[in-house]
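One structure is given below, encoded as structure tokens.
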2 protein chains.
Amino acid sequence: MNALPVLQTRISYTFTQPQLLQQALTHRSFSAANNERLEFLGDSVLNFIIAHQLFKRFPDLPEGDLSRLRAKLVKESSLAEIASTLHLGDALKLGEGELKSAGWRRPSILADALEAIVGAVYLDGGFFAAEQVVTLLYAEKLTIIDPKVIDKDAKSQLQEYLQSKKMELPEYEVVSIEGEAHAQSFTVRCTLHKLKMTTTGVGTSRRVAEQQAAKLAMEKIQS
Amino acid sequence: MNALPVLQTRISYTFTQPQLLQQALTHRSFSAANNERLEFLGDSVLNFIIAHQLFKRFPDLPEGDLSRLRAKLVKESSLAEIASTLHLGDALKLGEGELKSAGWRRPSILADALEAIVGAVYLDGGFFAAEQVVTLLYAEKLTIIDPKVIDKDAKSQLQEYLQSKKMELPEYEVVSIEGEAHAQSFTVRCTLHKLKMTTTGVGTSRRVAEQQAAKLAMEKIQS
């Protein structure tokens, strides 16, 4: 019951309307008055505040890199990490099913609740309050983030390379799917018609196999 | 040269730093000091302000519907429409190639510039200034928007249908890209492996062609 005051201390914000914080911590499995709408709002506040922080911090970084840095900061695992440092799991209201399956540890539930808290702070205290809370929560991540180590996935890299050369996009085709449903192996062929080049990737999902095929294509191109 | 004062009157905001507005109107084809970073920032400001407006206006609407309404309001064609009412095309700075191909009429260029203006207002006048400009620009759209007539796009419809039948998601492939850079025609194939069904869409962008292919697939399924 005293989880709320502790949480407010951790985020350095005290709610005028504590029922908003309460709602932000309520998962849909617990009540119809849950945090889903607050999460919608909070997600957009958070995206904006992080965008602005990156914009200021990296005055020469192109738009595409800013986007990628932001995506890295607001992805589920990053949010869940911050939620864990706040011990958000202890303060969540979950329905019985979620309690049984240890929902308070689930990254998606933690990430959603954190976004909902940001939305609740915005509604309770306005934009500057939300900005202060977000920059506090992200202080460390914003300090250590390095635009030079943006890890683009292979498919994006390949696509950007081809676009820069005004070449048509690669074609990915599933060549085969083998194995039982729970242990399938996908084989994907990546074709670059213009370059008359074909590579083949194998993986546990179509996505993984495509990435593998794209990676091999990039290596072939650069060799 | 007097396009700027007129534009500022139309958006009911006067810049303290007019060079920010100037930059927001500068396409990458014109100069390295273009509007791409401002667009990144403006996109996130806009998304947030519209999210908040919808949140307030529809206190009982579930998160998913709020998301769809927002997507409708901030999609390229909506932005380009608002940009046209502002005669934004007349104020744009475009490189020669874009001038020749009537880039000032291109929806993507107009939409990007409008987002950049929102970003510029935010940097120049702060959050409340941006909020006022956005709510003014969206006054009509926000008044007439009706959550009951959320038209899901064809790809979403197809995906939801397939998920409801526990079928795997469709695969979209670009089959060909034809024409010059400013007037390309994309052909996309949509494959539903389980249903052994293939449809083909054609459009001015990959997105449009995909939507077209998805629409045809839905029609085939329902026929």
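What to note about this one:
- Selection within the range A:130-142 - open to solvent by 10 Å² or more (accessible area, probe 1.4 Å) and within 12 Å of another protein chain (Cβ to nearest Cβ): A:131
- Candidate set: the range B:2-18, residues that are open to solvent by 30 Å² or more (accessible area, probe 1.4 Å) and either in contact with a Gly (Cβ under 6 Å, 6 or more places away or on another chain) or among the aliphatic types (A, V, I, L, M) (or both); chosen: the one modelled with the highest pLDDT: B:6
- Flag for residue A:65 being open to solvent by 10 Å² or more (accessible area, probe 1.4 Å) and part of a helix (DSSP H, G or I): yes
- Single residue of B:76, B:96, B:39 found to be within 11 Å of another protein chain (Cβ to nearest Cβ) and either within 18 Å of the chain's Cα centre (by Cα) or open to solvent by 70 Å² or more (accessible area, probe 1.4 Å) (or both): B:39
- Residue check, residue B:139 at pLDDT 90 or above, in contact with a strand residue (DSSP E or B) (Cβ under 8 Å, 6 or more places away or on another chain) and not acidic (Asp, Glu): no
Per-residue answers, yes or no, for (1) modelled with pLDDT of 80 or more; (2) closer than 20 Å to residue A:38 by Cα; (3) not in a helix (DSSP H, G or I):
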{"site": "A:124", "(1), (2), (3)": "yes, yes, no"}
{"site": "A:131", "(1), (2), (3)": "yes, yes, no"}
{"site": "A:135", "(1), (2), (3)": "yes, yes, no"}
{"site": "A:148", "(1), (2), (3)": "no, no, no"}
{"site": "A:152", "(1), (2), (3)": "no, no, yes"}
{"site": "A:156", "(1), (2), (3)": "yes, no, no"}
{"site": "A:161", "(1), (2), (3)": "yes, no, no"}
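- Qualifying residue in the range B:33-52 (condition: in contact with a Lys or Arg (Cβ under 7 Å, 6 or more places away or on another chain), farther than 23 Å from residue B:207 by Cα and at pLDDT below 95): no
- One residue stands out among those in the range B:51-60 that are more than 8 Å from chain A (Cβ to nearest Cβ) and not polar (S, T, N, Q): the one that is most open to solvent (accessible area, probe 1.4 Å), which is B:60.
- Test: residue in the range B:19-36 that is within 11 Å of another protein chain (Cβ to nearest Cβ), in a helix (DSSP H, G or I), open to solvent by less than 30 Å² (accessible area, probe 1.4 Å) and in contact with a Phe, Trp or Tyr (Cβ under 8 Å, 6 or more places away or on another chain): no
The values are calculated or read from the model by the stated rules, or taken from the named source; none is laboratory data. Every value quoted in this text rests on a predicted model; they were computed, and no experiment measured them. Cβ coordinates were reconstructed from backbone atoms using ideal geometry, including for glycine residues, and neighbour counts include every protein chain displayed. Ligands, DNA and RNA are excluded from the accessible area calculation, which covers all protein heavy atoms including side chains. Shrake-Rupley method; radii C 1.70, N 1.55, O 1.52, S 1.80 Å.
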